[in-house]
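Inspection log for the structure reproduced underneath, given as structure tokens.
Just so it is clear, none of the values below were taken in a lab; they were calculated from the coordinates. In this text, all values refer to a predicted model and were calculated from it rather than measured experimentally. Cβ atoms come from the backbone with ideal geometry, glycine included; neighbour counts cover every protein chain shown.
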Amino acid sequence: MAKKDAHDAALKRGLERLREAGVDATKVSAGAIDALARHLGENSEIDLAVAFLLGRLADPAGVAALLKIEKTAASKELKREARRALFKLEQKGLTVRPTEEAAPEKRPVFGGGSDIEGYLSLVDGAGDRLVWLVRPHAGGGLQLLQAMVSDRTGLLRADGAVIKRKELRAQAEEIKKERGLAMAAVPWEYADGIVYEAYEKAKAAGQKTGQFSSMRAAFNPMKPKAVPHPIYSRLNRNEAQSEDWRSRRLLDEPEFRFWILDEDWMQPYLDRVAEAQESRLVLNEAQKEERIAAILRAAAREIFAGESGAIFVRRMEDMALCLLESNRKEPALIAFAVALQLAEGQIGILDISFLTGLLQKSSAFYFTQAKRKAEEEPSLIVKP
């Protein structure tokens, strides 16, 4: 934490120095790339700020500037910042390093196509998703690999079967009734990457994975290649960013109704909130609320960063895609905006109202749960 805090402080100072030099960090555009590059080498803090801002510009010239910084920087911290920025640009759909030409989009086999297809369900409050890989079977019907995956613990279960198209459509309709949204069509390579990553995570944790490898081999016997999330080619990031101020509205959407942060993520902050509420110091309600708000701001900086932050980026990307597939562009754009803000990796600087609301909702849930449990426990006091 100390290292991250020092990095954030240095970045803030660098951004401030750029502002003093006439660079408006809130309104950088592709035309400012050359001007930003001219500030490189003035000091280490400004160098960090330049790399950070270049990572916010979806422009090939910005990619080129960052690649140069990554290659020539003497500072390991600056190299890391450049790599973080390049990763962000890659997530936005820019080509950071040469890759093989992407395969053309294929039509779903539900309509009788001849290639592999991928499908993805909504993400539930625990971070679980249902993933399908489907392809025509030589003897008729469809070969199906169905996997339930957790973005924290990996592969939960998987099974394979040969199924008729009519039966698969019926399953899809049942899922739509249960979850409110149909399975979203995704590039099969992306779906394959999700299930393979879940398999590797479960295997590393010593969990049983059954016949997953042989079932998956019917679709792809090789290790999958990394592919960009499909939402970056479906939605305009500039349009999404204009929606980010409304992100708290997502908590009112039925698909987010049961979203609660995992208890192990919340527990350290729940203890601190309980201490603030029960403090013997004389605090008025406004002071108490500010103390609790400060605790939740710290929770946002820590929970939505690092590994757990990356988990939430994907959750919001997947939710945006599923909402878009159901022809609900407005909430899809808002979910995408949250994903973009999380990918920026500067939660200490940003105020993302969806995350704040989710923290408050989760805190209230666990406190209510604890109170109910305490009320249900039998008293150990024996009355005379």
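If you place +1 on the Cβ of every Lys and Arg and -1 on the Cβ of every Asp and Glu, how big does the dipole about the Cα centre of the stretch 109-227 come out, in debye to the nearest 20? Write down the numbers at each step before the final one.
On the way: 17 positive and 14 negative charges, 35 e Å.
It works out to roughly 160 debye.
Let me have the relative contact order for the stretch 232-376, percent, based on Cα pairs under 8 Å that are six or more residues apart.
Details: 129 pairs, mean separation 56.6, N = 145.
Once normalised by length, the contact order is 39 percent.
Short version: ³J(HN,Hα) in whole Hz for each residue of the stretch 254-270, in order, from phi by Karplus 6.51 cos²θ - 1.76 cosθ + 1.60 (θ = phi - 60°), x for Gly and Pro, what are they?
Per-residue couplings from phi come out as x, 5, 9, 4, 9, 6, 9, 5, 4, 5, 5, 6, 8, 3, x, 7, 4 Hz.
Please work out whether the stretch 127-216 counts as rounded, prolate or oblate from its C-alpha gyration tensor, where a ≥ b ≥ c are the square roots of the eigenvalues and a/c under 1.5 means rounded, while otherwise a/b larger than b/c means prolate and anything else oblate? Mind showing how you got there, number by number?
On the way: a/c = 2.07, a/b = 1.35, b/c = 1.53.
Cα axes put the stretch 127-216 in the oblate bin.
Projecting each Cα onto the charge dipole of the chain (Lys/Arg +1, Asp/Glu -1 at the beta carbon, about the Cα centre), which of W265, A374, Y119 comes out farthest on the positive side?
It is Y119, whose Cα lies furthest towards the positive end.
Quick one: which residues, 5 or more positions from A184 or on another chain, have an amide H under 5 Å from its amide H? H modelled 1.01 Å from N in the peptide plane, none for Pro or chain starts.
Those qualifying (amide H under 5 Å, at least 5 residues apart or on another chain) are L120, S121.
With runs of 4+ DSSP H residues as the only contributors, calculate the mean residue ellipticity of the chain at 222 nm using -39,500 (n - 2.57) per run, divided by the residue total and rounded to the nearest 500.
On the way: 14 runs with 202 residues, N = 384.
Mean residue ellipticity at 222 nm (helix-derived): -17000 deg cm²/dmol.
Would you mind checking K288/K361; K88/K225; K12/K79; K176/K208; K12/K76; K88/K176 for any pair whose Cα atoms are more than 22 angstrom apart? Walk me through the numbers before you get to the answer.
Numbers: K288/K361 18 Å; K88/K225 18 Å; K12/K79 18 Å; K176/K208 29 Å; K12/K76 18 Å; K88/K176 33 Å.
Where the Cα-Cα span goes over 22 Å, the pairs concerned are K176/K208; K88/K176.
How much length is gained on full extension from A61 to E263, taking 0.36 nm per residue of separation minus their Cα-Cα distance? All intermediate terms of the calculation are to be shown ahead of the outcome.
Values: separation 202, 0.36 × 202 = 72.72 nm, distance 4.35 nm.
Computed gain between A61 and E263 is 68.4 nm.
With charges only on Cβ, +1 for K and R and -1 for D and E, what is the dipole size of the stretch 2-91 about its Cα centre, in debye, rounded to 20? Walk me through the intermediate numbers first.
Details: 17 positive and 14 negative charges, 57 e Å.
I would put it at about 280 debye.
List the relative contact order of the chain as a percent without decimals, with contacts defined as Cα pairs under 8 Å and 6+ residues apart. All intermediate terms of the calculation are to be shown ahead of the outcome.
Details: 513 pairs, mean separation 49.6, N = 384.
Reported as a whole number, the value is 13 percent.
From the square roots a ≥ b ≥ c of the eigenvalues of the alpha-carbon gyration tensor of the stretch 2-91, which class results: rounded (a/c under 1.5), prolate (a/b over b/c), or oblate? Don't jump to the answer; show the numbers that get you there.
Values: a/c = 1.44, a/b = 1.08, b/c = 1.34.
Because its axes are fairly even, with a/c under 1.5, the stretch 2-91 counts as rounded.
Can you list residues whose amide H is under 5 Å from H137's amide H, if they're 5+ apart or on another chain and H is modeled 1.01 Å from N?
Result for H137 returns L142, Q143.
Normalising by the residue count of the stretch 109-227, find the relative contact order in percent from Cα pairs under 8 Å and 6+ residues apart.
Numbers: 207 pairs, mean separation 31.6, N = 119.
With pairs under 8 Å counted, the relative contact order is 27 percent.
With point charges of +1 on the Cβ of Lys and Arg and -1 on the Cβ of Asp and Glu, referenced to the Cα centre of the chain, which listed residue (F312, H7, A32) lies farthest in the positive direction of the dipole?
Of the candidates, F312 comes out farthest on the positive side.
Step through the residues of the stretch 77-89 one at a time and calculate ³J(HN,Hα) from phi using the Karplus curve (6.51 cos²θ - 1.76 cosθ + 1.60, θ = phi - 60°), rounding each to whole Hz and writing x for Gly and Pro.
5, 5, 4, 5, 5, 5, 5, 4, 5, 5, 4, 4, 5
Using a simple charge model, +1 on the beta-carbon of Lys and Arg, -1 on the beta-carbon of Asp and Glu, nothing else, what dipole does the chain show about its Cα centre, in debye to the nearest 20? Mind showing how you got there, number by number?
Values: 59 positive and 57 negative charges, 111 e Å.
Charge dipole, the chain, about its Cα centre: 540 debye, nearest 20.
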